[in-house]
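Peer 1: Please find one structure pasted underneath; my questions will follow.
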Amino acid sequence: MKLIAGVDIGNSTTEVCIGEIGGDGKMRFLSSSSVMTTGMKGTVANTAGVIHALDAAMGKINRPVSEISLIRINEAAPVIGDTAMETITETIITESSMIGHNPSTPAGAGQAAGTIIYIGHLPEGKPGIPYIVTASSLSAYDEVADVINRYAKKLDIAGLILQADEAVLVENRLEHKIPIVDEVKSINSIPEWKMAAIEVALPGQSVRMLSNPYGIATLLKLDADETKAATPIAKSLIGKRSAVVIRTPHGNVKENVLPAGELYVKSDQVYPVNIDSGADRIMEVLGQAGEVIDISGQPDTNIGNMLINIKNGMGNLMGEESGEIRITDILAVDTLAPVQISGSLAGESCMEKAVGVAAMVKTKHLPMEKIADELKRRLHIYVKVAGVEAVMAALGALTTPGTRLPLAMLDLGGGSTDAAVIDSDGRVKTTHKAGAGELVSMIIQTELGLSSRHTAEQIKKYPLAKVESLFHMRLENGAMHFFENAIEPKYFGNVVLLHPEEMVIIDEDIPLEKIAAVRKDAKRKVFVRNALRALTEIAPGHNLRNIPNVVLVGGSAEDFEVPEMLMEELANYKIVCGRGNIRASEGPRNAVATGLVLSYTGGQQ
Amino acid sequence: MKLIAGVDIGNSTTEVCIGEIGGDGKMRFLSSSSVMTTGMKGTVANTAGVIHALDAAMGKINRPVSEISLIRINEAAPVIGDTAMETITETIITESSMIGHNPSTPAGAGQAAGTIIYIGHLPEGKPGIPYIVTASSLSAYDEVADVINRYAKKLDIAGLILQADEAVLVENRLEHKIPIVDEVKSINSIPEWKMAAIEVALPGQSVRMLSNPYGIATLLKLDADETKAATPIAKSLIGKRSAVVIRTPHGNVKENVLPAGELYVKSDQVYPVNIDSGADRIMEVLGQAGEVIDISGQPDTNIGNMLINIKNGMGNLMGEESGEIRITDILAVDTLAPVQISGSLAGESCMEKAVGVAAMVKTKHLPMEKIADELKRRLHIYVKVAGVEAVMAALGALTTPGTRLPLAMLDLGGGSTDAAVIDSDGRVKTTHKAGAGELVSMIIQTELGLSSRHTAEQIKKYPLAKVESLFHMRLENGAMHFFENAIEPKYFGNVVLLHPEEMVIIDEDIPLEKIAAVRKDAKRKVFVRNALRALTEIAPGHNLRNIPNVVLVGGSAEDFEVPEMLMEELANYKIVCGRGNIRASEGPRNAVATGLVLSYTGGQQ
Amino acid sequence: MIINRPSIRIYTCHADRDILKEICAGIEEEGVLYEIEERQETELDVLCYDAANESVLGTGVGVAFSETGMQMKGVPKGRNLFEVSNPTSGQCRILGANAARAVKRMPFRIF
Amino acid sequence: MIINRPSIRIYTCHADRDILKEICAGIEEEGVLYEIEERQETELDVLCYDAANESVLGTGVGVAFSETGMQMKGVPKGRNLFEVSNPTSGQCRILGANAARAVKRMPFRIF
Ligand SMILES: Nc1ncnc2c1ncn2[C@@H]1O[C@H](COP(=O)(O)OP(=O)(O)O)[C@@H](O)[C@H]1O
Ligand SMILES: Nc1ncnc2c1ncn2[C@@H]1O[C@H](COP(=O)(O)OP(=O)(O)O)[C@@H](O)[C@H]1O
Ligand SMILES: [Mg+2]
Ligand SMILES: [Mg+2]
């Protein structure tokens, strides 16, 4: 009767599996555990986490750690995933100024164009000229309405821009209805006597004229060149409830724009590809390049700076020169990032196409032997560096019911997506691809414009709901959930995440459907692409149809929707794919640790 | 002072524009109108519609039609768009039986596996064997609860399947909670004594075990082959609130499945492409083929039958032999279509990848002269077939403020997307691409599984809302709308379309967000792809960046979101793009009719 | 301290017992709570209207002898959303289910 | 025949006129209707509670002298959602806006 511990030290999680070898030589699994990894993976700082995990696993079966006869730890692959994201678009420069915003309560509906005049200057107004009047919050709503009513008898007042949130209050007191945009904080930067067009959409709709370059041209009588310059404005006003566009020719606004840059993939030769050409093209070039030696970027470009930052960062962490660090894989994904519009009056931004990149960094051999020595020293138990991580994961995956050889496992982690295939003769092929859970969180953060990565991480993990009253919320799938007592007012009307312990409010004002769509799309872009390229690389004959089973393991296989996305995609290749259920009980976790224990008996028999 | 009428006979709409030539030789526009086209485009049946439209336009300015001195009608291109859609996937055959459904009120939560036993046979049950009990609606809920409570003392009752909608009623009366699936109409087709697994998700969640092949394998103890056979079941259960999977090996179920088939694109040579390879690949091959002479499909396949149907249908309409009819363009789009699952107990279907195809049919020269003669005969006004449709449309488009030469116009119609570029010297290039508004409606209908095309057409045109109480509804963009009085109960809780005249209830139970997502996606797939390939074909040097302006005209340019989608896409090529505003007043309509009037003065000067 | 339990109110006046039982089953299956109260009032419209207005959930059911109705707060007295005399047991279930669906903001089932 | 106009109820007791005006402006800007009624009751909690329970929209405001509160139907008496004494005019606007936002099911603004 011998106790064997398998220990898997991952970037995020350290996992343990305890097995017992009976008199008959058969293995029985007794316990398992999972804790946060201490320190960077592959460094002696990991020992603390390992001991903690061993304690936890033995604690569950009420036996001391000292009863363990052998600890088997994983041989970590000397590759580390890192993630960074850069927009590829240039800052947008416009020849006009604009305000495009969603005040919750503008008033009136329709569009108007005219000369801007401050409310105090109305006495200087001339009949027959259409005016757009501006009023600061110093004027009370009833005064504003009074003045407009009075002057509307002599002058052609076409629209109104207010600083205060009082559009409805003013409109209710006007004799002739005009479109009114309110909550324009920077009202004082609106230039008097220039031409402006304003538009307020009907409730529930969005502007139609000002989100169309030719609509702006019609209202402001622009020529073709000016219309071209107004296109970024029109684009940024799509979906807005109300908008103002002011014609303010700037002359030659020039800005120093950093180009997106080229990527150089080095294998048998150097394959260049421009970031501008998009993620699909980048991944295509990468695929053509074959076995990659290193990937770098054009100096002084967005992508160049980004890859240098990754190499330097990794170099610092590993204590290696950044020259020694090589990037052997990247995953590029098309995404959207907010870009500032120069020419906007209230700091408006608009979403532009961008490319996000995760990189796989090749480092020197990781010193797992040092960790083994340190563990031995502290526990007085024999410790062996026993097997390559991905191979062990595949062995562990094979304990999932309904699987058989040949079998592929996909380890969906934080920084990388690893894959291994075991064929019927027990031969194993492995690969490591850049990009996994962290890139998903990064895309969610960027596309939703969230200030915190933590919120993005939570959005990734938990389903959404909208609190519709003090007594109920509507879950993401449409179901209603009732509260026993009235909920706190702070939740009322908000979108929340259903964290098992407490509901988390999403501070940003983004509709539930938008958040869900971005979340799903980010998962699909990262994991579906990576699953396909990892599996294609290791599949017999590089043909996916030669893989009958795929078992998903790792932290991101716990995701509530990723396994189903992969199952749907891989079903097209007649592959059986699903979240692993290691030893018919552990779910997708503990694959490597289980493999390490199993491979001991394998070695014995 | 001479009145000129421009008449545009389209597939759907007949439009008229009336212009007056003053003493100075300048053109002034007086009126316009738009009516439904009568009869098939290019046939003398069109005359009725033309006369109706002339009446309408002249009526607006209170002048008789007889005052018109000249009618100019369009030279219609001899191409007609037709749309058909075929799924490319095969029927799914499973080795197990399953029920996957969303009863609104199942009860309990969790999963269970056991042997199926009819409630009446519980006296025959043996201790120690887990059972899944079935009860028909003949047993009242209190009786069922009584019986289960009694037998649970001796037997291991793991789950319950009910025919009636009484899961909650039964569960509230059970001493030990078990998962209960209800509303299983075909309860009598559940085979007794077979193994079954059942799962009920927590409210707001969906099943996790039964939507995972390895989860089914774990519960039903399947081997690898059986697990493979269960994969389509797992896939069809994704997102379901509750599910039942029954292990009923069928032996060799065989069905006659029609293969998707190959497409043959004939230009300088014949380029074959398999439908299975998806829309992107098909469009790539089509792009490589260059000038297309004809497109056909492999006989006795889905695509072969579909193209023959299109040719026959067109032949009948045009009175030509189908042999003379050639297909000169197609648009393929990836979509999803419901596919029946053989082996399901309640007729469940699941969504499978499919390819939708629109085709452009080349016919003989259209007899527009005959229409002109007939008009002349009936109105005694001189009628001239005056100009190629797409060229006239481009001329008309040029009256949109903010445009200049070179200019491209995209006519987004029903069956086809037509494009024309006029360069600075007035030279014009045109093209006609298969696929437009009708294909969008067809995709919406298929992907949402709607019984009526009319509903799909309305979904395309009008924004959505959800009636949340008798007093308010929430609009698609999140805004609230209040009703003056309590609304009729039939609207309560339903998703509706905001048709300007009345709210239209969508009978199918589909969440608002799903409908909106399918709608937007369909529009993007058809119009963005077609805009890019049409413009690339006619752009100087086939380079999109050589086109500075694109003006959108035609019925589908009235769409409330298509113009903005195209603007966003084309902004990547620095193109100014927007809904046209013909003569600064007509919006995207009346381009061809306006061009016909304008080209008269052009010809004069 | 909750004063009003969030529940559907059912106001009855000499209600037929079977009818009442089936209506309650309809509500229960939908997972919503209800409270029954016998009233002095015999008029169905008043029973329904008062039940709706006195329910925290704004939804009420009235049963007078074998006449049944369902009403929601904000709708004028006499304009019950649904009304069935001598309902079958299936109709009772639907009436109950619809009262619950009013609370859950789900489309009503058809009788 | 509509008996209850769908509006927010404002129950007052010797309300400060400026405070009342600003609260009303807050509601009006959000596009919701209100009705003001002077009551014999002096206690703020009761004013708020009754206003909420008697409003078809389930939302009420109470103003007693220069004390203000907002309450919703279903919440126990004494547990007003918001309460401000001697509010500034900005606070009055927010209180009014929040009453309207309760009706529109929008997140509340912070005072
Ligand atoms: N419940 C969950 N849903 C989705 N993602 C999860 C969940 N739990 C962990 N993850 C993700 O898994 C990743 C870490 O995976 P893990 O296998 O622990 O990494 P490693 O193997 O590098 O230690 C992180 O990106 C984390 O966000
Ligand atoms: N308001 C609208 N929104 C979206 N599509 C529309 C709208 N009005 C018409 N359409 C679509 O326009 C198409 C017909 O366009 P039209 O230019 O009239 O065709 P044709 O030029 O062949 O006569 C149809 O598919 C119709 O559904
Ligand atoms: Mg406002
Ligand atoms: Mg039920």
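The values are calculated or read from the model by the stated rules, or taken from the named source; none is laboratory data. Just so we're clear, the structure is a prediction, and the values are computed from it rather than from any experiment. With ideal geometry, Cβ positions are generated from the backbone for all residues, glycine too; neighbour counts draw on all protein chains shown.
Peer 1: Hey, among the residues in region A:407-451 that are within 14 Å of chain B (Cβ to nearest Cβ) and touching a residue at least 40 places away in the same chain (Cβ under 8 Å), which one's nearest to ligand 3 (Cβ to nearest atom)?
Peer 2: A:LEU410
Peer 1: Which fully enclosed helices (runs of 4 or more DSSP H) of region A:370-484 have 3 or more residues being buried (at least 24 other Cβ atoms within 10 Å of the Cβ)?
Peer 2: Counting at least 3 such residues, we get A:389-397, A:437-448.
Peer 1: A further question follows. Which residue, of A:GLU374, A:GLU352, A:GLU369, is closer than 29 Å to A:LEU286 by Cβ and among the charged types (D, E, K, R)?
Peer 2: Values: A:GLU374 fails: closer than 29 Å to A:LEU286 by Cβ; A:GLU369 fails: closer than 29 Å to A:LEU286 by Cβ.
Of A:GLU374, A:GLU352, A:GLU369, the one residue that is closer than 29 Å to A:LEU286 by Cβ and among the charged types (D, E, K, R) is A:GLU352.
Peer 1: Residues of region D:53-70 being aliphatic (A, V, I, L, M) and modelled with pLDDT under 95, which ones?
Peer 2: Of the residues in region D:53-70, the ones aliphatic (A, V, I, L, M) are D:56-57, D:61, D:63-64, D:70.
Once the filter is applied, which keeps residues that are aliphatic (A, V, I, L, M) and modelled with pLDDT under 95, region D:53-70 yields D:VAL56, D:LEU57.
Peer 1: I've got another one for you. Restricting to region A:169-196, give me the number of residues that are surrounded by fewer than 22 Cβ atoms within 10 Å (Cβ to Cβ) and closer than 16 Å to A:ASN149 by Cβ.
Peer 2: Qualifying residue count, region A:169-196: 6.
Peer 1: Looking only at residues that are more than 16 Å from A:ARG589 (Cβ to Cβ) and among the β-branched types (Val, Ile, Thr) in region A:1-44, which one is surrounded by the fewest Cβ atoms within 10 Å (Cβ to Cβ)?
Peer 2: The extreme case among them is A:VAL44.
Peer 1: Please work out which residue is modelled with the highest pLDDT, limiting yourself to region A:545-567 and to residues that are away from every other protein chain (no Cβ under 14 Å) and out of contact with any Pro (no Cβ under 7 Å at 6 or more places or on another chain).
Peer 2: Of everything passing the filter in region A:545-567, A:SER556 is modelled with the highest pLDDT.
Peer 1: Run down B:ILE282, B:ILE233 and say which single residue is crowded, with 19+ Cβ neighbours inside 10 Å, in contact (Cβ under 8 Å) with a residue 24 or more places away in the chain, out of contact with any Asp or Glu (no Cβ under 8 Å at 6 or more places or on another chain) and under 20 Å from B:ILE327 (Cα atoms).
Peer 2: Answer to the selection: B:ILE282.
Peer 1: Being over 28 Å from D:ALA52 (Cβ atoms) and in contact with a strand residue (DSSP E or B) (Cβ under 9 Å, 6 or more places away or on another chain) is true for just one of C:THR42, C:THR88, C:THR59. Which residue is that?
Peer 2: Being over 28 Å from D:ALA52 (Cβ atoms) and in contact with a strand residue (DSSP E or B) (Cβ under 9 Å, 6 or more places away or on another chain) holds for just one of C:THR42, C:THR88, C:THR59, which is C:THR42.
Peer 1: Would you pick out the residues in region A:452-466 that are in contact (Cβ under 8 Å) with a residue 12 or more places away in the chain and away from chain B (no Cβ under 13 Å)?
Peer 2: Selection gives A:ARG453, A:THR455, A:ALA456, A:GLU457, A:GLN458, A:ILE459, A:LYS460, A:LYS461.
Peer 1: Quick test for you: out of A:LEU570, A:LEU532, pick the one residue that is assigned to a helix (DSSP H, G or I), within 26 Å of the chain's Cα centre (by Cα), in contact (Cβ under 8 Å) with a residue 12 or more places away in the chain and within 10 Å of chain B (Cβ to nearest Cβ).
Peer 2: Result: A:LEU570 is the single residue among A:LEU570, A:LEU532 that is assigned to a helix (DSSP H, G or I), within 26 Å of the chain's Cα centre (by Cα), in contact (Cβ under 8 Å) with a residue 12 or more places away in the chain and within 10 Å of chain B (Cβ to nearest Cβ).
Peer 1: Across region B:573-605, what is the number of residues that are among the small types (Gly, Ala, Ser) and within 11 Å of another protein chain (Cβ to nearest Cβ)?
Peer 2: 5
Peer 1: Here's something else I'd like to know. Identify all residues within region D:57-111 that are more than 14 Å from every other protein chain (Cβ to nearest Cβ) and either closer than 28 Å to B:GLU468 by Cα or in contact (Cβ under 8 Å) with a residue 24 or more places away in the chain (or both); write none if there are none.
Peer 2: D:VAL61, D:GLY62, D:VAL63, D:ALA64, D:PHE65, D:SER66, D:THR68, D:PRO87 - these are the residues of region D:57-111 that are more than 14 Å from every other protein chain (Cβ to nearest Cβ) and either closer than 28 Å to B:GLU468 by Cα or in contact (Cβ under 8 Å) with a residue 24 or more places away in the chain (or both).
Peer 1: Among the candidates A:ILE21, A:ILE9, which residue alone is under 18 Å from A:LEU379 (Cα atoms), more than 16 Å from ligand 2 (Cβ to nearest atom) and β-branched (Val, Ile, Thr)?
Peer 2: Criteria check complete, one pass: A:ILE9.
Peer 1: Before we move on, is B:PHE492 over 25 Å from the mean Cα position of the chain (by Cα), at negative phi and crowded, with 19+ Cβ neighbours inside 10 Å?
Peer 2: yes
Peer 1: Which residues, taken from region B:269-321, are more than 26 Å from the chain's Cα centre (by Cα), charged (D, E, K, R) and more than 22 Å from B:ALA534 (Cα to Cα)?
Peer 2: B:GLU320, B:GLU321
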